[in-house]
Every structure is written in structure tokens, then in C-alpha cells.
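Chemist: There's a structure below that I have some questions on.
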Amino acid sequence: MEIFRTKSVEQSIRDTEDPEHQLKRRLSATDLTVFGIGVIVGTGIFVLTGRVARETAGPAVALSFVVAAIVCGLAALCYAEFASTIPVAGSAYTFSFATLGEFPAWIIGWDLMLEMALAGAVVAVGWSGYFNSLMNTIGVNLPSVEVFNLSVNYPAMVIVAILTVVLTLGIKLSSRVNLTIVVVKVAVIILVIVAGLFFIDAANFTPFIPAPKPTPAVQGLAAPLIQVLFGITPVAYGVIGIFSAAAIVFFAFIGFDIVATAAEETINPQRDLPRGIIGSLAICTFLYVAVSLVVVGMQPYQQLSEDAPLADAFRAVGQPWIASLISIGAIAGLTTVVMILMLGQTRVLFAMCRDGLLPRGLAKVHPRFGTPALITVIVGIVTMLLSGFISLGALAELVNIGTLFAFVVVSIGVIILRRTHPELHRAFRAPLVPLLPILSVLACLYLMLNLPVETWLRFFIWLIIGVVVYFAYGYRHSTVIGWRSGTPDQPRP
């Protein structure tokens, strides 16, 4: 069928040589690693660690982070092979086009649009909350603003606007801004780890794995899908609780895949992309495990707060000044998360527009800055509106299911590309194929089953909208050979 026609690796690479649609190669392995750390380390390290320890895993939450890191590591190895083989913007979208075909590629691109746009807005709202809290701490009360009786979250809109300008002005400038902020937040995290060591009470680690106990079954559409399908009641604590917690803390790692969206702007993608993807994941795993051990060592896990466990743990031991530093680190952390989510969004859209599945004119690169400026501005405006006027709440879980879905597709794609194009040069080869990608698929599907039924329903509704858009526009405007009888700018008859 025509909709499953693949786009060859050679053609994908040729498309990057068109001067009008060519991104500039300016990123190194260090830049990519810092991008990965910048997007992974966010509120998860300041909030999620304590909440999951209190409710699900106890002191063994550190093991939950290790389990989640292993699951992410499986997918990361698949991403690394693809990114080093097809160094083209678009990440999972581009990889899917080369292996599964145009329609599956559209679906994964549509999925990534939901994941990154919604995530960027959600994190911008979180940034605004921390910023307001810090302003209140120093005695500055920001005035509230309403438009047509709607409360406007203008701090979130302002930070998105600033980051949109930074992203438009060039990828190297973006990487330098990201590096500066990442250094700040990692320094704060290391300070927290080192300072926390002096307040650890070994008794708080006993028992390290608390005795398991069933948690009340969640009812209706809020119930995890696995509970509805198999009647499995969620369990807190114990060994099963460690794995249940892993399904939650997994989302603290979301973002490493965005490194792959910058493939086309990497100086030596075959060498540097695998290093950036795997390196950022390894560093963040160490930070998460260290922080989780410190926080459960400072306070009994039953007493950890849900909103700000790290900050409150230091207040409990008489160190409020460190709690203030944690707020600064959280603001820095969220700033880079918003920026890199927006970066990933623009590069996926850029690839889809260049392929004609969305208006191709949007994919023109700014002659001076070397960035897809028009797409960047559009993404910035949409993110500003979402963060400024809409309460996203439970919709944030759509980010999780979208990411896991992308991981599943990429893992399957590695197996397919190995069989269909064994001759391709692979600067990095994932080990134990097909076993490793199969394990990655199974692990991701397990975590997806732990998401609520309502999240699945919203996800399917979004995909149905995507199918309508594809057949209404993308089906007739694709630039892949075979759709067009002439040049890439001629519509299909």
C-alpha cells in the first residue's frame, strides 16, 4: 500500500543537503550530553523522589530509579543505533519513515507533537509556580492578571517567549545558554547531595524494602489499564512496589530521546549522538539515585512531604537556606527543560514539513541564524497560549504515553532496519539484537499498561485527529518519490 512506502536512508540524507532546508552542524558530543541533562533533570529530582518513596517504594526508591534507568537504557541503545545510522532531524519520526513507512511515521510524528508541545507547556506552568514562590520568599508579590475573566499565567508566557527568541537565534547560542543553566542546577544538586550526607540517619533506611501492602483499587477511568484488563490491584512497598514505583519514576527520565532530534545539527553525528544519548542518561541516573538515597536518609519515608520533599527535609533538620537554594535549582532545571522540549518540537515539525506532510514552506531555514525560525515562532506562540491560559492538569499524563509509544516504535524499527538494510554503516550497533529491542518493547508496554484508562482514551482521540489531518493534507502533499511526478514542489495529481 502507498501509505506504507518507506523513505530511503539515502533520500533522507539527500534532503539535508538542500540549502533552503539545511540546518547548520554546530553541536558536539558535550553539547548533546548537556542537552540531555538539561531536559531530563527537572522537577522529578526535586519532587518525585520523595513522593514515590512515601507512597510506593519506601527507602528502596533508589532501586526503582535503577529499574527505570534500565528500561530507558534499552530504548536509549536503540535510539543511539538509529541516530548514528540516520543522522537526520526528526528522531523517532524519521526513524519510522525509514522502516515502517509514511503513515506510521506520520502517526509517530503526530504523537511526538503532542508529547513535546504539551510537556513544554506543563513544565512552563511548573516553572511559574517555583518562580512565584521564590519571589514571595524575597518579599516580592507578583500581581495577578486577568483577560476576559480568565487568569493569565504571564510568568510562564514570558519565559516561553524568552526561550523562543534564544532558539530562533541559533542552535549554538541555545547550547551555550543551556550549558550555563545546567551547570547551575547540577551544582545545586551536588550541594544538596553533599550537604545531605551530614544529616543522614541510618535508622531511616530500615527496613530498606518495607513489607508489601495492597493499595485501594482506583475506580473507573482513573484506574490503571492493567488493573482493568487483568484485575491486578496495585501494591505499595515490597519487591512489587519497587517495580510499581519504577513505572512512576520512569517519567523523570523522559527527554533523553530529544537528543536524537538534533542529529542533523551535530558535527559528527555517528560518533557524538550515541555518546550524548547514553552519557546524559548515565549521569542523570547517578544524580537521581544519589538524591533519593539522601532524602530517605534525612527523614523517615512516611514523613516526607509530597510537594517539596527535598526542601522540606532540609527545613526539618534546621537548614532553610539550602531549601532556598533548591528552589533556585528547580527554576534553573525547569528553564532548560522547557527550552529543549521546544527545540525537539521544532525539529520534528521541521522534518515533517520538509517531507510535505505539513506545509513545506514552513521548513525554510533562516539564512542568517540557520534555524527553522518560522516553525520556532509558531511553536513558541502555541506553547505560550497553552501555558498562559489553559489548566493542563491530568492531560500531562499524555506526555508519558506519547513517549513510551515512541520508544516502542523505535525499538521495533531497529529490528526491521537490521533485516531490510543490513549493509548500512552503523557507527554504533545496539547489542543483542533482536533480544534487546524486544525487551525494550515489553518493558515500555508494561509501563504503558500502568497508565489510567482515561489517558489511553485521550491518546486514541488525538491519534484519530491525526489520521484525519494526514488523509486531508499529508497524503496528497508528501514529497517522497512516488507521490509526485515532478519536482518536490509539485502537488500530487
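The numbers here are math on the coordinates, done by the rules we state, and not lab data. Keep in mind that what you see is a predicted model, and the values were worked out from it rather than measured. Quick reminder, even Gly has a Cβ in these numbers, built from the backbone with ideal geometry, and neighbours come from all protein chains shown.
Chemist: Once you sort the root eigenvalues of the Cα gyration tensor of region 335-417 as a ≥ b ≥ c, which label holds: rounded (a/c under 1.5), prolate (a/b larger than b/c) or oblate (the other case)? Don't skip to the answer; put the middle values down first.
Modeler: Working: a/c = 2.05, a/b = 1.06, b/c = 1.94.
Oblate is the answer for region 335-417, as a/c is 1.5 or above yet b/c matches or exceeds a/b.
Chemist: Follow-up. Between Asn149 and Ile438, what is 0.36 nm times their sequence separation minus the Cα-Cα distance? Round to one decimal in nm. Could the numbers behind the result be given before it?
Modeler: Numbers: separation 289, 0.36 × 289 = 104.04 nm, distance 5.14 nm.
Contour length minus Cα-Cα distance gives 98.9 nm.
Chemist: If region 202-308 were replaced by its equivalent ellipsoid, with semi-axes equal to the square roots of 5 times the Cα gyration tensor eigenvalues, what would those be, largest first, whole Å?
Modeler: Working: eigenvalues 227, 97, 25 Å².
Equivalent ellipsoid of region 202-308: 34, 22, 11 Å, largest first.
Chemist: Can you tell me the order of 342-354, 123-135 when each peptide is scored by its average per-residue count of other Cβ atoms within 10 angstrom, highest first? Spell out each step's value before the answer.
Modeler: Working: 342-354: 27.8, 123-135: 20.8.
Descending packing order for the listed peptides: 342-354, 123-135.
Chemist: Helix 320-354: angle to the longest alpha-carbon principal axis of the chain, degrees 0 to 90, nearest 10?
Modeler: 20 degrees
Chemist: Taking only Cα atoms, what is the 0 to 90° angle, nearest 10, from helix 61-85's long axis to the longest principal axis of the chain?
Modeler: That works out to roughly 10 degrees.
Chemist: Does the chain come out rounded, prolate or oblate, given a ≥ b ≥ c as the square roots of the eigenvalues of its C-alpha gyration tensor, rounded meaning a/c under 1.5 and, failing that, prolate meaning a/b above b/c? Please report the intermediate quantities before stating the final value.
Modeler: On the way: a/c = 1.71, a/b = 1.43, b/c = 1.19.
It comes out prolate by the Cα gyration axes.
Chemist: Helix 373-389 against the longest principal axis of the chain: what's the angle in degrees, Cα atoms only, rounded to the nearest 10?
Modeler: For 373-389 against the chain, the angle is about 40 degrees.
Chemist: Okay, next question. Checking the a/c ratio against 1.5 first, then a/b against b/c, what shape does the Cα gyration tensor give for region 154-241?
Modeler: On the way: a/c = 3.67, a/b = 1.50, b/c = 2.45.
Verdict is oblate for region 154-241.
Chemist: OK, next. Nearest 20 debye, what's the magnitude of the dipole of region 288-380 about its Cα centre given +1 on Lys and Arg Cβ and -1 on Asp and Glu Cβ? Intermediate values should be presented prior to the final figure.
Modeler: On the way: 6 positive and 4 negative charges, 133 e Å.
It works out to roughly 640 debye.
Chemist: For the chain, what does the relative contact order come out to in percent, with C-alpha contacts under 8 Å and a separation of six or more?
Modeler: Details: 877 pairs, mean separation 164.6, N = 493.
The normalised contact order for the chain reaches 33 percent.
Chemist: Another question, if that's okay. Once the dipole of region 1-111 is set up with Lys and Arg at +1 and Asp and Glu at -1 on Cβ about the Cα centre, which of Ala80, Ala68, Thr49 lies farthest towards its positive end?
Modeler: Thr49
Chemist: Quick one: putting +1 on the C-beta of Lys and Arg, -1 on the C-beta of Asp and Glu, what dipole do you get for the chain around its Cα centre, in Debye to the nearest 20? Walk me through the numbers on the way to the answer.
Modeler: Numbers: 28 positive and 26 negative charges, 144 e Å.
Computed charge dipole of the chain: roughly 700 debye.
Chemist: Using the crude model of +1 on Lys and Arg Cβ and -1 on Asp and Glu Cβ, and no other charge, please compute the dipole size for region 157-299 relative to its Cα centre, in debye to 20. Could the numbers behind the result be given before it?
Modeler: Working: 6 positive and 5 negative charges, 23 e Å.
Dipole of region 157-299, to the nearest 20 debye: 100 debye.
Chemist: What Kirkwood Rh does region 260-308 have if only Cα atoms enter the pairwise 1/r average? Answer in Å. Please list the in-between numbers first.
Modeler: Working: mean 1/r = 0.0743 Å⁻¹.
Here the Kirkwood hydrodynamic radius works out to 13.5 Å.
Chemist: Rg and Dmax in Å for region 58-122, alpha carbons only: what are they?
Modeler: 15.1, 46
Chemist: If you don't mind, there's one more thing I want to ask. Sorting check: for 145-154, 33-42, which peptide has the highest mean count of neighbouring beta carbons within 10 Å, and how do the rest follow?
Modeler: Working: 145-154: 12.1, 33-42: 28.5.
By packing density, highest mean first, the sequence is 33-42, 145-154.
Chemist: Just want the answer: with Cβ charges of +1 for Lys and Arg and -1 for Asp and Glu, which residue in Leu114, Pro274, Gly474 is farthest toward the dipole's positive end in the chain?
Modeler: After comparing all options, I get Pro274.
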